[in-house]
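Worksheet: the structure to be examined is printed underneath.
The values are calculated or read from the model by the stated rules, or taken from the named source; none is laboratory data. As the structure is a prediction and not an experimental result, all values here were calculated from the model. Methodologically, a virtual Cβ is constructed for each residue, glycine included, from the backbone with ideal geometry; neighbour enumeration extends over all protein chains shown. Remember, those area values only see protein heavy atoms, side chains included, never the ligands or the DNA or RNA. Shrake-Rupley method; radii C 1.70, N 1.55, O 1.52, S 1.80 Å.
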Amino acid sequence: MPALSANMPDSIKGVTLQGVEVTSKRAIDPIKTTTQTQSIDAQEIKLRGITDISDAMRRFAGVNLRDYGGAGGMKTVSLRGFGAQHTGVVYDGIALSNLQNGEIDLSRYNLDNLNSVSLNTGENDEIFLPARASASASTLILSSYTDKDLYDPSLRMRVALEAGSFNHWRPSASIGKSFSEKVALSASGSFLHSDNDYPYTLANGNTTMHERRRNSRINNGNGELSCFWQCAPGGSLTIKGYVYGNDQQLPGPAILYNPENNEYLRELNTFGQATYRQRLAPKWRLMINAKYNWASTRYENHSDIYPNGLLRNRYIQQEYYGSAALLFSPISGLQFDYSADYAHNKFRNGAALYMRNSLLQSLAAKYTVWRLKIIAKALYSLYMHPATGVNDAGTHQRLSPSLGLLLQPIPSEEFFVRASYKEIFRMPTFSELYFDHYGSINLDPEVTRQYNLGVTWQRSSMGFLDQLGITLDGYINEVRNKIVAMPVGMFMMRMMNLGKVRIFGADATLQCDFRLAQSHMLLLNATYSYTRAQPRTDRTMLDWMKQLAYTPLNSGSASLTWTNPWVNVTAHVTGCSGRYSTNHNLPSSRIPGYMELGFTLSHAFHFRGHVLELRADLINALDKQYELVARYPMPGRAWSTSVVFKL
C-alpha cells in the first residue's frame, strides 16, 4: 500500500496496514447528536436480516413506509406523520429530486451497493453541507462508498446472484481499484427480473377469494461509475455517473371481480454529479457541487374508455444544480458555514412546459464547549416560476431557523440530553400546481415546525453485556397551510391550502450486544414509535381531531441475531397498528394492523484472501396477509437466497 498522505480527507474511517484493519466509530455517533439520528451500515444490514431498502426503513423508529407491494411496487418513506414530500433523500452527498410529485422511489437503489443508510430527523449535526440538505423536515442519507475504499490499492470485486419466490432474479456486480494515492475508480451494476405474481386473498362478506397479482412483471437495471481524484494538495474531486431503466407492468389496486389491469410504465433516469473539496487554509474549507439530472416517464393504459383504446402520457424532468459551501473554523470547537445552492428545473407534460428556479442560502454555526454542543442555522429559500405560456405559480420566499442543543450532564457517563427546533416550508409539487382537474397555481407552501426533546444513554463493557445503547425522544410537529385535495364538483378535485395538522409522539430505540462466549454474540435491536397526527383545520369538518390517513398510532420493529463460527441466525419482526386510508377514519377505510416475522441464515467462507457469502431468507414466515397502501396487498410467505463472491 502507498504511504499515507497528509492530505487525506479528515473523515477517513480506516486504513489497511500490513494486513491489519483499523477502523473507528462512525463520524457521527447517533447517541451524541442534537437531533434524532438513526443509522445502519453494511455490516448491520447483513446481521439484522434486512432484505431490501424498504425493510431497512421499517427498522427505523418513527418511519411510515408506503409500499405498493412486491419487487416492482413504489416505495416511499415519511417520518413522524409528515408526508413523503417532507423527506429529502441525499445520495453520496447530493440531494435527489422529483418535482413531479415530490416523492423519491427508494426501490431504485440497492442495498448491496450501499455502505450506510442514515435518517436524520430535523437538522443534521454536520453543518458543512449544501443548503438543500437542510430544506426538508427530515433527510435520508444513502452512501455507496467509504473513504477507506479510496486508498485501497487491491482490486475489489464483488459478484452476486439473488434468487427468490415468484421468479425473482437479480444478478449484480461491482469492481473498484485505487491506482495511486490520487486516483480511484469504481463501477457497479445490477439487473432485476420478477414475475411478481404472488397470491393474495380478498374478503367479500363471508366469502374469501383467492387471487394472484396479475400484470405485475418487472425488468429494471441500474449502473454507476465513480471516480475519485486527489487533484491538488488538500483538494479532491469525486465524480459519479448513474443510469436507471425500468420496464414494468402495473397491477393496479385489488378490486373484487376485477383482477385485470392493463397499465404499463417505462422509466429512464440518468444523472451526473461532481463534488470538489479544497482546504484553502488551516481554518478554511471549500466544497463545490454540480449535478445534471434527466428523467423520462412513459405511462400507458390500454382500456376501451379511452379514444382508440389507449391512453399514453410522457413526462420529462430536467435539473441543472450547483452549490458552494465555505467552512470557517476560527478557534477550536467553533465552526461557521455559509452555503448557497441554485437549481433550474424543467418539467414537460406533453406540449406543456413548467419551470422553477430555486435559490437556497444557509448560514450555520456549531459551538462545542465544556459538555455542551450548540448548532444554529438559518435557511433562506427563494422559489421563482417563470411564465411559460401557462399561468405561473409566482414567487415564494421564506427565512427558516433551526436550533439544536446537546448536553452531557455527568462527565463520567455517556448520558446526553438533547433539544431541537426546526422550521421549514415545502413548495407544492408540479402535480399539485398544474395538473388538469387537480392542481391549483394559487397554492401556498406548507410550513412545518418541529420540536424535539430527548435523552440518550450508552454503556459498554458491563460483563457479558458488551454494549448498551438507548434513545428516547418526544416531539411535537405542526403543519400549516396543509395541502389537501377537496372536491369541487362531481368528477373534479382541487388542491387547496385548507389544512392544519398537529402531530405529537415518542420514539424509542434499544441496542444490546451480549457476549455469550468466545466468537459468540447475541445482538438485539428494537424500536417503538407512538404517533398521534390530528387534522385541526375546522371543528365542523369530519376529519377534526381524527388520525391522519396512513399514519399508525403504534409501530415498531425488533431483530435478534446470534453470531457464531458456523451459521449466523437472525429472527426479525416489524409491524404497526391499524390505520385509515382517509382522514375521516370511517370503518370502511380502516386498514388492519399487521406483524411480519422473518428469519435469516448466513455464513461467510474465507479462503486465499477471497470471501464467499451464502444467505437464505424466509420472509413473512407466518404468511400474514396485510396492506401498507389500501387495496395493494403485500406478498405473503416467500423465500430468497443469495450467493456473493468477493475478490
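Just a few scattered comments:
- Computed FRET value (nearest 0.05) for Tyr299 with Ile410, which takes r as the C-beta separation and R₀ as 60 Å: 0.55
- At R0 = 45 Å, FRET efficiency that the Cβ-Cβ distance of Arg631 and Gln397 yields, to 0.05: 0.65
- Cβ-defined net charge surrounding Asn525, 11 Å radius [Lys, Arg +1; Asp, Glu -1]: 0
- Estimated [θ] at 222 nm from DSSP helical runs (n ≥ 4, -39500 (n - 2.57)) normalised by residues in the chain, nearest 500: -500 deg cm²/dmol
- Probe 1.4 Å, accessible area per residue of the range 444-485, Å²: 44 Å²
- For Trp566, solvent-accessible area (1.4 Å; no DNA, RNA or ligand), Å²: 150 Å²
- Using a Förster distance of 60 Å, the FRET efficiency for Glu211-Ala419 (Cβ separation, nearest 0.05): 0.75
- Averaged over residues, the count of other Cβ atoms within 10 Å places the peptides 123-131, 440-448 in the sequence 123-131, 440-448, highest first.
- Spin-label model, Leu382/Asp623: points 7 Å from Cα along the beta carbon direction are separated by 6.2 nm.
- On full extension, the segment bounded by Val447 and Thr540 gains 31.2 nm, given 0.36 nm per residue less the C-alpha separation.
- Summed side-chain charge close to Phe191 - residues other than Phe191 whose Cβ falls under 12 Å, Lys, Arg +1, Asp, Glu -1: -1
- Highest-first arrangement of 67-74, 262-269, 409-416, where packing means the average Cβ count within 10 Å: 67-74, 262-269, 409-416
- Lys182 - accessible surface, heavy atoms, 1.4 Å probe, Å² rounded to 10: 120 Å²
- Charge dipole (debye, nearest 20) of the range 216-275; +1 at Cβ of Lys and Arg, -1 at Cβ of Asp and Glu: 200 debye
- Computed from label points 7 Å out along Cα-Cβ, the spacing between Ile175 and Asn219 is 2.5 nm.
- Each Lys and Arg Cβ is given +1 and each Asp and Glu Cβ -1; about its Cα centre, the range 509-647 then shows a dipole of about 200 debye.
- About the Cα centre, charge dipole magnitude for the chain (Lys/Arg +1, Asp/Glu -1 at Cβ), debye: 780 debye
- Carbon + sulfur, % of accessible area of the chain - ligands and nucleic acids excluded, 1.4 Å: 60 percent
- Computed with a 1.4 Å probe over protein heavy atoms only, the accessible surface of the range 203-352 comes to 51 Å² per residue.
- Computed log₁₀ I(q)/I(0) - Debye formula, equal Cα scatterers, no solvent, the range 135-212, q 0.27 Å⁻¹: -1.16
- Area accessible to solvent at Phe599, 1.4 Å probe radius, in Å²: 80 Å²
- In the chain, a dipole from Cβ-located charges (positive for Lys and Arg, negative for Asp and Glu) runs towards its positive end, and of Ser362, Val501, Asn206 it is Ser362 whose Cα lies farthest in that direction.
- Peptides ranked, highest mean first, by Cβ atoms within 10 Å: ranges 538-550, 241-253, 296-308, 31-43: 31-43, 241-253, 538-550, 296-308
- A full extension of the chain between Ala42 and Leu353 corresponds to an added length of 107.8 nm, given 0.36 nm per residue minus the alpha carbon distance.
- Shape category assigned to the range 54-183 from the gyration tensor of Cα positions, a/c cut at 1.5: oblate
- Under 17 Å from the Cα of Lys377 - aspartates and glutamates, other chains or at least 8 residues apart: Glu123, Asp125, Glu126, Asp337, Asp341, Glu423
- Correct option for P(r) over Cα pairs in 10 Å bins from 0, in percent [calculated from the coordinates] among (1) 3, 14, 21, 18, 13, 11, 9, 7, 4, 1, 0, 0; (2) 3, 16, 25, 25, 17, 10, 4, 1, 0; (3) 3, 14, 26, 29, 20, 7, 2, 0: (3)
- Each residue, Val369 and Met462, gets one label point 7 Å from its Cα in the Cβ direction; the gap between the two is 3.4 nm.
- Charged neighbours of Tyr626, selected by a Cβ distance under 14 Å, balance to +3 (K, R count +1; D, E count -1).
- Between Ala173, Ala376, Asn349, the Cα set farthest toward the positive side of the dipole of the chain (charges on each charged residue's Cβ, about the Cα centre) is that of Ala376.
- The range 532-571 - percent relative contact order, Cα under 8 Å, separation 6 or more: 27 percent
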